[in-house]
1. Kindly establish whether GLU142 is farther than 30 Å from THR242 by Cβ, acidic (Asp, Glu) and assigned to a helix (DSSP H, G or I).
2. Taking the residues in segment 213-267 that are among the β-branched types (Val, Ile, Thr) and more than 35 Å from the chain's Cα centre (by Cα) as candidates, determine which candidate is nearest to GLU183 (Cα to Cα).
3. Could you tell me which of the residues ASP261, ASP208 is in a helix (DSSP H, G or I), among the acidic types (Asp, Glu) and in the same structural domain as ALA133 (by TED's automatic domain parsing)?
4. Inspect segment 186-208 for any residue being within 20 Å of VAL263 (Cβ to Cβ) and without any contact (Cβ under 8 Å) to a residue 12 or more places away in the chain and give the result as yes or no.
5. Quick one: which residue in LEU305, LEU309, LEU287 is within 22 Å of VAL263 (Cα to Cα) and of a type in the set (A, V, I, L, M, F, W, C)?
6. Of all residues in segment 83-101, which are at pLDDT below 50, loosely packed, with under 12 Cβ neighbours inside 10 Å and within 27 Å of SER185 (Cα to Cα)?
7. Please work out which residue is farthest from the chain's Cα centre (by Cα), limiting yourself to segment 102-118 and to residues that are of a type in the set (Lys, Arg) and crowded, with 16+ Cβ neighbours inside 10 Å.
Amino acid sequence: MKTNIKKILCVASAIILVALILCSCGAAVKNGAVERIEQRFDAVGSEESADSKSESGVWYVDALNRAGGSDDYGYSSAVPEESFTDNGNSAKSDYSAIADSSSRKLIRDATLDIETEQYDKFVSELNKAIIQAGGYIESSSESGNTYNYTNSRYQYLTIRIPAEKLDGFLSSVSTLATVTSKEISVKEITGQYISTQSRIKALETEYDALLKILAKAEKVSDLITIQDRLTEINAELEMNKTTLKTYDEQIAYSTVTMSIDEVERVTTTMEKKTFGQELKSRLSDNLYNISQGTRSFALWFISSLPYILIFAFFAAVVLIIVIRIRKHKKAKWQNSVIQQKSENTGK
């Protein structure tokens, strides 16, 4: 009995030992295979990497990262990570341009309200100033005429002027007419501009890498996946390039919004007045308003005479008819009274 137990224990120990050996060998083989696969995918442009991936079509993303030489192909940020680090070596950063005033991307716009007594002359001189500055009129609208007792005109302009000549243009306009209101705005878009540039570079690099992978791809599913991504990149490139072009146009040419009002008397723009100056100004304004009111009434009355005469004619006709009706009623009443008296007398 003891001999059988010893045999059973020996057999069990041998089985356990063999199992442990087999497990260790399997782990070693698995680790070796994993290392070989990792080494295969670490090689840039390896043709075996396409076959070692799954059939889902996602394989080309890893190959794309290796072809571009980066594990992060710019999707985590529009600007490469090294742009934000210096490492103590004063490395050049894309965003260092923001600190440099000469490299800032600025959009300068202006808004002007203008009054002039010589409308035609000012418009002519304004066109000459625009041409001299190298600008152009983007849009314009004009209103106002002599109908309905209105003899003033109004014009609204949108003008594009080279940014470096904006100040000189505004100064020349101030000498041609009275500027009642002026507003200049400056908008900095350096960050947006650099981000758009970085995005375009990243998309172009991805596009070139995808073309290389497309030349080596053999499976239909992979070709379709790459073609779809190329189409998306083309659309994104066009959108970002259009945005960048718009930025360039806004930076190079300032937008001047101008409203021109034809007046008979311009608004005084004196900053500080003495008591006598203010009294004189108010008295002059009141006298001007009275004269304008009298003038407007006279113009209205004289110009309305045809309507007044027509109204007076119809009023006179109606008055005559009313008077005749009243006379007729009165005569009839008198006749009835006389007749009644005569009847009473005859009785």
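1. Values: farther than 30 Å from THR242 by Cβ: yes; acidic (Asp, Glu): yes; assigned to a helix (DSSP H, G or I): no.
No: the conditions fail for GLU142.
2. Applying the first criterion (among the β-branched types (Val, Ile, Thr)) to segment 213-267 yields 213, 220, 224-226, 231, 233, 242-243, 246, 251, 255-257, 260, 263, 266-267.
Pick out the ones that are also more than 35 Å from the chain's Cα centre (by Cα) and you get 213, 220, 224-225.
Values: ILE213: 55, VAL220: 61, ILE224: 55, THR225: 53 Å.
For segment 213-267, the residue satisfying everything is THR225.
3. Details: ASP261 fails: in a helix (DSSP H, G or I).
After applying the criteria, what remains is ASP208.
4. Step one: filter segment 186-208 for residues within 20 Å of VAL263 (Cβ to Cβ), giving none.
Looking for residues that are within 20 Å of VAL263 (Cβ to Cβ) and without any contact (Cβ under 8 Å) to a residue 12 or more places away in the chain, one finds none in segment 186-208, hence no.
5. Numbers: LEU305 fails: within 22 Å of VAL263 (Cα to Cα); LEU309 fails: within 22 Å of VAL263 (Cα to Cα).
Residue meeting the stated conditions: LEU287.
6. Scanning segment 83-101 gives a single hit, ALA99.
7. Pass one, segment 102-118, residues of a type in the set (Lys, Arg): 104-105, 108.
Checking the rest, the ones that are also crowded, with 16+ Cβ neighbours inside 10 Å come to 105, 108.
On the way: LYS105: 17, ARG108: 14 Å.
Among those that are of a type in the set (Lys, Arg) and crowded, with 16+ Cβ neighbours inside 10 Å, it is LYS105.
Residue by residue, here is whether (1) surrounded by 12 or more Cβ atoms within 10 Å (Cβ to Cβ); (2) among the hydroxyl-bearing types (Ser, Thr, Tyr); (3) at negative phi; (4) at pLDDT 95 or above holds:
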{"residue": "ILE213", "(1), (2), (3), (4)": "yes, no, yes, no"}
{"residue": "VAL220", "(1), (2), (3), (4)": "no, no, yes, no"}
{"residue": "THR225", "(1), (2), (3), (4)": "yes, yes, yes, no"}
{"residue": "THR257", "(1), (2), (3), (4)": "yes, yes, yes, yes"}
{"residue": "VAL263", "(1), (2), (3), (4)": "yes, no, yes, no"}
{"residue": "VAL266", "(1), (2), (3), (4)": "yes, no, yes, no"}
{"residue": "THR269", "(1), (2), (3), (4)": "no, yes, yes, no"}
{"residue": "PHE275", "(1), (2), (3), (4)": "no, no, yes, no"}
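The values are calculated or read from the model by the stated rules, or taken from the named source; none is laboratory data. Note that the structure is a prediction, hence the values are computed from the model and not measured. Positions of Cβ are generated from backbone atoms using ideal geometry, with glycine treated the same way; all protein chains shown enter the neighbour counts.
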